[in-house]
Amino acid sequence: MKTTISEQELYVLSYYRACELAGSILFGKLAFHTNIDAYRVPLTEHCLEEAEHAWRWTKVIHDLGSTPLKVTHTYQTEYGKLFGMPENILEIFCLTQVFEKRTLDQFTKHLQLPNTHPSVKEALQKMIDDETGHIGWIRTEIDKYGHDNGQEKLDALMQKLEKMDEDVYQKLSQTEPFKTYFKEII
């Protein structure tokens, strides 16, 4: 089977795949360990959807004639370097909210690239639809926390995380192959 994607695109899609796998593992562990009964079902569903996304990227890469590259340094890795280990479920939800918003933005930008293979476009659109749901249930939980515990602390945390996310995104956008591949949109 002949590959129909460039080395740069293969890396980008493999990176997306790795980030989805990292998200699935995280949410699987949270679903497994949570003591909050009400979170067990949505965390498990979130785990499933992230795993499905990783599989979708794997299949797209394979269908385009390639094998996913080994990528172990993900967007979440950079979050961990700057933020450290989350101390509670609120921090995890806020990190997820910020990350999912970035993912939506990135996938939407990627969808606009000229000459994007139809299989890649289809995967991007499916994930945009799914990520919107992720943001929804987590946003509801964050809003409940703000209502019950005060909005100021929550706003301060979200501002800190959004700044951190912007720093991570700017750093990523200056690395190869992202810088070259996305030169029209980043």
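Within the accessible area of the chain, what % is carbon and sulfur when the probe is 1.4 Å and the other protein chains stay in place?
Carbon and sulfur together cover 56 percent of it.
If you consider only alpha-carbon coordinates, what radius of gyration and Dmax does the stretch 49-105 have, in Å?
Answer for the stretch 49-105, Rg first and Dmax second: 14.2, 42 Å.
Semi-axes, largest first, in whole Å: what does sqrt of 5 times each Cα gyration tensor eigenvalue give for the stretch 80-176?
28, 17, 10
Longest exposed-loop-site-free stretch of the chain, with trypsin sites (Lys or Arg not before Pro), DSSP loop and at most 11 other Cβ within 10 Å?
Free of exposed loop sites, the longest segment is 71-182.
Consider a paramagnetic label point 7 Å from the Cα of residue 149 along Cα→Cβ; state which residues of the stretch 93-127 have an amide N under 19 Å from it.
93-99
Roughly what percent of Cα-Cα pairs across the stretch 9-57 reach past 17 Å?
For the stretch 9-57, the share of Cα pairs beyond 17 Å comes to 35 percent.
What is the local net charge at residue 131, summed over the other residues whose Cβ is closer than 14 Å to its Cβ (Lys, Arg +1; Asp, Glu -1)?
After counting each charged neighbour, the total is -3.
Taking the alpha-carbon distance from residue 160 and a cut-off under 18 Å, which lysines remain once sequence neighbours fewer than 8 residues away in the same chain are dropped?
81, 101, 171
What number comes out for the charge environment of residue 71, summing +1 per Lys or Arg and -1 per Asp or Glu over other residues with Cβ under 14 Å away?
Local net charge: -3.
Please compute the modelled spin-label separation between residue 171 and residue 92, points set 7 Å along Cα→Cβ, answer in nm with one decimal.
In this crude label model, residue 92 to residue 171 measures out at 2.3 nm.
Describe numerically, in nm with one decimal, the distance between label points set 7 Å from Cα along Cα→Cβ at residue 33 and at residue 73.
Each label point lies 7 Å from its Cα, and together they span 2.6 nm.
Build a GNM of the chain with springs between Cα atoms under 10 Å: which of 71, 98, 60 gets the top mean-square fluctuation?
71
For the stretch 1-149, with equal point scatterers placed on the C-alpha atoms only and solvent neglected, what are the log10 I(q)/I(0) values from the Debye formula at q = 0.19, 0.20 1/Å, to two decimals?
-1.18, -1.28
Tally Lys/Arg at +1 and Asp/Glu at -1 over every other residue whose Cβ is under 11 Å from the Cβ of residue 96; what's the total?
Result for the local shell: -2.
Kindly provide the GluC sites (Glu not before Pro) of the stretch 142-186 that DSSP labels as loop, not H, G, I, E or B, and whose Cβ sees at most 12 other Cβ atoms within 10 Å.
184
R0 = 22 Å: FRET efficiency of residue 2 with residue 112, Cβ-based, nearest 0.05?
That gives a FRET efficiency of 0.25.
The values are calculated or read from the model by the stated rules, or taken from the named source; none is laboratory data. Remember, it's a predicted structure, so these values are computed and weren't measured experimentally. Note that we place each Cβ from the backbone using ideal geometry, even for glycine, and neighbour counts take in every protein chain shown. When the accessible area is computed, the model is the full protein with side chains, heavy atoms only, and any ligands, DNA or RNA have been set aside. Shrake-Rupley method; radii C 1.70, N 1.55, O 1.52, S 1.80 Å.
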